[in-house]
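Note sheet for the following structure.
The values are calculated or read from the model by the stated rules, or taken from the named source; none is laboratory data. It should be emphasised that the depicted structure is a prediction, and the values quoted were computed from it without experimental measurement. Note: ideal-geometry Cβ built from the backbone for every residue, glycine included; neighbour counts use all protein chains shown. With ligands, DNA and RNA removed, areas are computed over all heavy atoms of the protein, side chains included. Shrake-Rupley method; radii C 1.70, N 1.55, O 1.52, S 1.80 Å.
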Amino acid sequence: MRLLSYTAIPVGQLCVGPLADAFTVALAAGVVHAAVAVLPLASGAVRRLRHAVPSRRD
């Protein structure tokens, strides 16, 4: 049964292009993706996170 689900993946990928073109889903998905990527930066707690520099090993 797992093999059947893996063989359906390319079929779905071939179908999503024309469907996205027909329903302009690609534009909406791009806007949502950009918002989700940038939205965490609005939080002050996220902006104050500090990056620990790893110690150098010789």
For the chain, what is the accessible area per residue in Å², given a 1.4 Å probe and the full set of protein chains?
99
Once the Cα atoms of helix 25-38 and of the chain are each reduced to a long axis, what angle between those two axes, in degrees from 0 to 90 to the nearest 10, is obtained?
10
Treating only Lys and Arg (+1) and Asp and Glu (-1) as charged, each at its beta carbon, one finds that the chain has a dipole about its Cα centre, in Debye to the nearest 20, of 500
Quick check: the angle from helix 2-23's long axis to the longest principal axis of the chain, C-alpha only, nearest 10 degrees?
90
Carbon/sulfur accessible area of region 1-57, % of total, 1.4 Å probe, equals 71
For the chain, what is the Kirkwood estimate of the hydrodynamic radius, computed as the reciprocal of the mean inverse distance between distinct Cα atoms, to one decimal in Å?
15.8
